[in-house]
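Comments concern the structure below.
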Amino acid sequence: MLTRVRTALVLLALVLTAAPARAQDDDGVRLLLGRIERVVRAGDAAAYLALMADGSDRARAREFAGTELMPGVNRSVLQERDRAALAGVAAGDGYRLLVDVMAEFGSRARVATWRVDVRRTGPRHTEFEWTIADQERISAVESIYRVTLNPAKQFAARGLKIAAEDLDLTLDEGSVFVAEIENGVTAVVLLGKGAINFHPAPRTERGQVKIFCGSETLETRFEAAYIRINPADFESLFDAAALRAVPVDARTLKRAQEIFHDEAPKSFVIDLGDLSRDPWTLLPGEGDFLAEMRTRRFDTLTYARSGSEPEDITLFDRKRHHNIAIYSSKAKLAQRGPFYDEDDLVDYDVLDYDLDITATPERQWIDGRAHLRLKVRSFVLGTLTFRLADSLVVQSVVSYQYGRLFGIRVKNQNTLVVNLPQPLGRDSEMSLTITYAGRLEPQTPDREALTPIDSDQGRADDQTMMIAAEPSYLYSSRSFWYPQAPVSDYATARIRISVPPGIDCVASGELEPGFPGILPGADPSLNRKIYVFKAAQPLRYLAFIMSRFARAETATIGFPGEVEPGLIGHTYRTLNMSAEANPRQTQRGREAAARAADIALFYESLLGDSPYSSFTVAIVESDLPGGHSPGYFAMLNQPLPASPMTWRNDPAAFSNYPDFFLAHELAHQWWGQAVGWRNYHEQWISEGFAQYFAALYAQHQKGDETFVSMLRQLRKWGIDTSDQGPISLGYRLGHIRGESRVFRALVYNKSAAVLHMLRRLAGDDAFFRGLRRFYRDSRFRKVGTEDFRLAMERETGMSLERFFQQWIFGSAIPRVKVGYRLDGTEVVLRVEQIGEVFDVPVTVTLQYADRKPVDVLVRVTEQVVEHRVPLAGVLRGVEISKDDGMLAEIVKGS
């Protein structure tokens, strides 16, 4: 102990001795940086050269000054970001600095990151003590703008028409104000009596608009609008003949400025931190169009046309944060067709993450350091765009190849944009380290958590003592808790997580041997518990959950038989299974571990593969059942006995199958993780497949009666909610009205019923061969309906284009009726489709007077299908069964 104290005193003395010298260096370097800042403001190359050290490369300095110093600067800011000892000079006599420099040219600005080498060459404590030895521009952001309304211009408008694709705005009578930059008008405020007509071309989107407003075309009045455009588009959008310059009215200008102040910060605004507190913005691309339209009936509606997006037209309900319509423009469809893979639109792939996270759950605080290894996919790449929660403050962005880089935050977009010093070509690799910190709320429950209903039966008795759930903190795909690609991207990972000693953690990856461990602090209260997880198999996204856990069970499962041939990457014949549970749920954890082992064995028998080496079930207390399943683990909600909520009337509530959620979440390790979906339209490949596999396990575990009961529920919800849109709308189903049950009814239940109908049309052998082929070909890839169709067609020999077009991309439900006639010793069953023809399997039950009923499968693929069946007795009648998951309305008739 005495030795430690002496060592600390020696170190303190060294620090105190060195402090004045470092402070003097700081003063001298700051003086030099202040002079450079003034040189930038003056745009004076000669003054910059005067700051150069004797013997420095003046030609190089002259070239630098010629590109970085410009006339017309009215404000400049220089901020030092990093300092390191300069090689080749005595300690304390030279530094390599990284600085950010902002130069404002009126309403336009430029931001650059420079490397500046400085040396002590003059007398100490003088203004000329430090000089510049060398310099280099690392990166630059050109042409950002400070946009404001022009207070000297006002226009009167009458019959002004503004048209974007599927949107017509008409200002019958009112006032127009403009915001101009050097290139022309980039923002417009409309005031007065106006009309909106939004008429989306796609039939599916018209259906969503009807859910929102009651009609397939949205027509309403607006009283004000804010429009943002590229200056090059102003003349084509605004008819000069409908605008008349008038003297500025102070009251009208004030109202226009209030609208501008409210609406402008919502889009294109970037955060420059300590360089400027003003709202600087990026410029919309040519052809892009944004309109914030204020209405009495719907509050503010936002229409956007953004050419960089795969679905470039959107209509958004600002107040409720709901997407009303999202679809591709005619030009986008002509360019790439109806299907797209979001991976085709990304500029780079993340190959590997190495994350170091310090989490403090009671403060909801995260300190993070993310090391990313990237590979360029675009032809040329000059900027990197990452998703990172707005509340997380970026402290530094450093590249091994280029040093410190400049990054800007796009406000309200959870976005970080990093500029590269030079373009990278396709297949180039680079590494990047991003350090960040901030308060971040845990992720709210997925739409996999059931929706409670308010009923007398659902309320807790007044005498019942309410038990508070053990707190848990989930950070996953919707939290943006680490810097990641704009779309989900398969990558390997290593995650080191530090938590308080009383907290436990489960994360994506297998827990490394020897962890968790305790890292001692200066005081026992400052100790930290360290976890290290490694994901050797690629993951679509990373996640972790913190709570108080107790280890409930650990086991290793061995899979019988051979691995499925043709699988790419690591394959495993064992699975390390464990369960972590909140202390009150330890027994439930043991039960879940045993059941999960049996489920994993069953799923592996269907697909011939276990994609990951380990799986952990984390049982957390909650008011509602549900779960979430990243790679390597699943969080499973355990409702408390005294929960006041009931959820029986929910598509995913199977009262006779208590293991449903575990079976569904575990299935996501295969469907949703090992096999990903290429965009939100293909979300059914995750949820529908997981739902169907859970149903298959119910049949395996509990028999046909339970399976039939589930099929009835799949069918009921699938038919009852089909008018809300096609399966292909994914998360958007039920989104407009905030009805998550619609999402589960269609993306979960109807999708699972569609898979069962396909199985009955194809036959068991061909269906499961197709399923295995699809899984084998799609492992650790993001795929879509077309990939599944092709795999099934190869194994079944059937043409399935119409099947998937109608059942996945359409919302109609077939109408069928059955009749029969006797022909000797046979009965001829006649199944007719009323209206549109579908591919649908129909089970017809033959009711005999002298024996048990017999079910007959009729594969109906035409308007009328007749099917002969030998009679087994005296036939009393026939009827269509509702127990097979068939998604069809049964029409009564002879």
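The values are calculated or read from the model by the stated rules, or taken from the named source; none is laboratory data. Nothing here was measured: the structure is a model prediction, and the numbers come from that model. Here Cβ is always computed from backbone atoms with ideal geometry, including for glycine, and neighbour counts include all displayed protein chains. Ligands, DNA and RNA are excluded from the accessible area calculation, which covers all protein heavy atoms including side chains. Shrake-Rupley method; radii C 1.70, N 1.55, O 1.52, S 1.80 Å.
Accessible area per residue (1.4 Å probe, heavy atoms of protein chains only) ranks W481, W365 as W365, W481, with the largest value leading. To the nearest 10, the accessible area of K375 is 70 Å² with a 1.4 Å probe.
Mean sequence separation of contacting Cα pairs (under 8 Å, at least six apart), scaled by the length of the range 223-319, corresponds to a relative contact order of 31 percent.
Measuring nothing but how far apart in sequence close Cα pairs (under 8 Å, 6+ apart) lie, relative to its length, the chain scores a relative contact order of 7 percent. Within the accessible surface of the range 679-776, defined with a 1.4 Å probe on protein heavy atoms only, the carbon and sulfur portion equals 42 percent. Based on a Kirkwood Rh over C-alpha pairs, give the Stokes-Einstein translational diffusion coefficient of the range 565-661 at 4 °C and viscosity 1.567 mPa s in µm²/s. Answer, rounded: 87 µm²/s.
Loop-located GluC sites (Glu not before Pro) in the range 762-863 (DSSP state not H, G, I, E or B) with no more than 16 neighbouring Cβ atoms inside 10 Å: E836, E862. Computed with a 1.4 Å probe over protein heavy atoms only, the accessible surface of the chain comes to 43 Å² per residue. Comparing the range 400-448 with the 2.2 N^0.38 Å rule of thumb, its C-alpha radius of gyration ratio is 1.61 (two decimals). With viscosity 1.306 mPa s and temperature 10 °C, the Kirkwood radius over alpha carbon pairs of the chain converts through Stokes-Einstein to a diffusion coefficient of 50 µm²/s. K534: which aspartates and glutamates have alpha carbons under 15 Å from its alpha carbon, excluding same-chain residues fewer than 8 sequence positions away? Reachable aspartates and glutamates: D352, D354, D356, E510, E512.
In plain terms, the C-alpha convex hull of the range 178-329 casts an average shadow of 10.6 nm² when viewed from every direction.
Divide, for the range 74-184, the radius of gyration over alpha carbons by 2.2 N^0.38 Å, where N is the residue count. Scaled against compact globular proteins, the figure is 1.86.
Here the contact order of the range 74-177, divided by its residue count and restricted to Cα pairs under 8 Å and six or more residues apart, works out to 18 percent. Helix screen, the chain: DSSP H segments with Cα axial length of 27 Å or more and mean Kyte-Doolittle hydropathy at least 0.5 are 2-42.
Solvent exposure of D850, expressed as accessible area, is near 90 Å², computed with a probe of 1.4 Å over the protein chains only. Taking the accessible area of the range 134-257, probe 1.4 Å, and keeping the other protein chains in place, the carbon and sulfur fraction comes to 47%. Rounded to the nearest 5, the antiparallel percentage of DSSP beta bridges internal to the chain is 90%. Among 616-623, 482-489, sorting by the average number of other beta carbon atoms lying within 10 angstrom of each residue, highest first, gives 616-623, 482-489.
Straight Cα distances below 23 angstrom link K330 to the lysines K161, K210, with same-chain residues fewer than 8 positions distant left out. Working note: Cα gyration tensor of the range 314-419, eigenvalues times five, square-rooted, sorted largest first, giving semi-axes of 30, 23, 13 Å.
Across every direction, the projection of the convex hull enclosing the Cα atoms of the range 706-775 has a mean area of 5.4 nm². Rolling a 1.4 angstrom probe over the range 785-894 with all protein chains present gives an accessible area of which 46% lies on carbon and sulfur atoms.
Within the range 616-759, antiparallel bridges make up roughly 25 percent of the DSSP beta bridges whose residues both belong there. Dividing the helix sum by the residues of the chain, where each DSSP H run of 4 or more adds -39500 (n - 2.57), gives a mean residue ellipticity at 222 nm of -7500 deg cm²/dmol.
With the biggest extent put first, the Cα atoms of the range 793-894 measure 45, 31, 23 Å across the principal axes. Kirkwood hydrodynamic radius of the range 346-398, from the reciprocal of the average inverse Cα-Cα distance over all distinct pairs: 13.1 Å. Taking 12 Å as the straight-line reach from the Cα of K882, the aspartates and glutamates in range (excluding those fewer than 8 positions away in the same chain) are D855. Pairwise alpha-carbon distances in the range 595-743 exceed 24 Å for 34% of all pairs. Stokes-Einstein diffusion of the range 614-693 at 37 °C, 0.692 mPa s viscosity, Kirkwood radius from Cα pairs, rounded to a whole number: 245 µm²/s. Computed packing ranks the peptides 763-776, 209-222 as 763-776, 209-222, most packed first, by mean other Cβ atoms within 10 Å. Counting heavy atoms of the protein chains alone, R387 has an accessible area of about 60 Å² for a 1.4 Å probe. Working ranking of peptides 404-416, 331-343 by packing, defined as the average number of other Cβ atoms within 10 Å per residue, highest first, is 404-416, 331-343.
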